[in-house]
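Read through the structure below, which is laid out as structure tokens, and then see the notes.
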Amino acid sequence: ADNFPEATVLFVYLADCDELLTRYGDIKCIEWINKIYANFDRVVQQGVKPGITKVETFSNFYLAVAWGSKSGDHSERGDESHQVDDDLQYNAAVACVMSAVKLIQSVSHIERPDGGFTVLNVGINSGTVCAGVIGDASPRYSVFGDTVNIASRMATTAEQSSWARPVIQMSEATMRRLEARRGEGSALDTLKRNYHLDLRPREDIVNVKGKGPMQTYTLEHVHRTPGSAEEHKQARRRSDAFLFPDLPIPGSPSGGGPHEKGVTSSSVQTLRNLKVRVSDGSSGNAPLLRRSLSAGGM
């Protein structure tokens, strides 16, 4: 196993997954989960430089890591000072946060087995991790350590997040890394300008299992009313970019519609044109797509 003095860990839990499994059975829920994780994989593969690595999936969670340091060097030298490049720390935190935003976007059109929109719990933490291949039979690469445990707690105690109300909870450690750079062009500035997402302390103190009370921070949507006509146009473009990212719309197993043909959302106009097909019921997922288009004000 290798020691990484610096990494940022991202956990995403599928809200109500166990309840849905009980109510709707394995087959329907596995199809739903597979659509979500396939989209998550696309986000991770397309990546935000320097990128993040998918580590593990289970029935109700997705785990990914952005490495903020090279593996092994410190522990092999017996160097416990853990001197890490500030740029790598910052870039790893940014990669996880930006990817988390994209993950939330990527499931905006995926319908749950009960007909509702997919809801997530998203948490991030930064610090030292240990990683390596575990086991002889069916070995797998995994990550361990207190940093990973806290990242999981950040997700399980987070407010529910959806495409309509994105919320990402993070620890003070991750917040400090993001706050290291502010001003125009920084990640926090980009998130606020382009997505209306603002980083703020969570109002209530979170009681983290095994750690006790912790002050956490949330990246969440800031509602504002634009003034001028140009501000209205800019707000609309940002909303379009948030609701319809450059990712394929999930495939439709029941066939016939734009979902099955892998229509992408690289152009919002393409989605607007689909309204014609939706209105005559030619899409296998017409009700869901119609609701999504309406929610986007198209």
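The values are calculated or read from the model by the stated rules, or taken from the named source; none is laboratory data. In this text the structure is predicted, and so the values were computed from the model without any measurement. FYI the Cβ positions are ideal-geometry reconstructions off the backbone, even for glycines, and counts take in every protein chain you see. In case anyone asks, the SASA skips ligands and DNA or RNA and just uses the protein heavy atoms, side chains included. Shrake-Rupley method; radii C 1.70, N 1.55, O 1.52, S 1.80 Å.
The table below gives the values:
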quantity	calculated
With every protein chain in place, segment 1-54: carbon and sulfur % of accessible area (1.4 Å)	47
Net charge over other residues, Cβ less than 15 angstrom from the Cβ of residue 16 (K, R count +1; D, E count -1)	-2
Too-long pairs where the Cα-Cα distance tops 28 Å, listed order kept, from 28/192; 54/192; 28/102; 35/209	28/192; 35/209
With every protein chain in place, segment 80-171: carbon and sulfur % of accessible area (1.4 Å)	49
Å² of accessible area per residue within segment 164-206, as computed with a 1.4 Å probe and no ligands counted	51
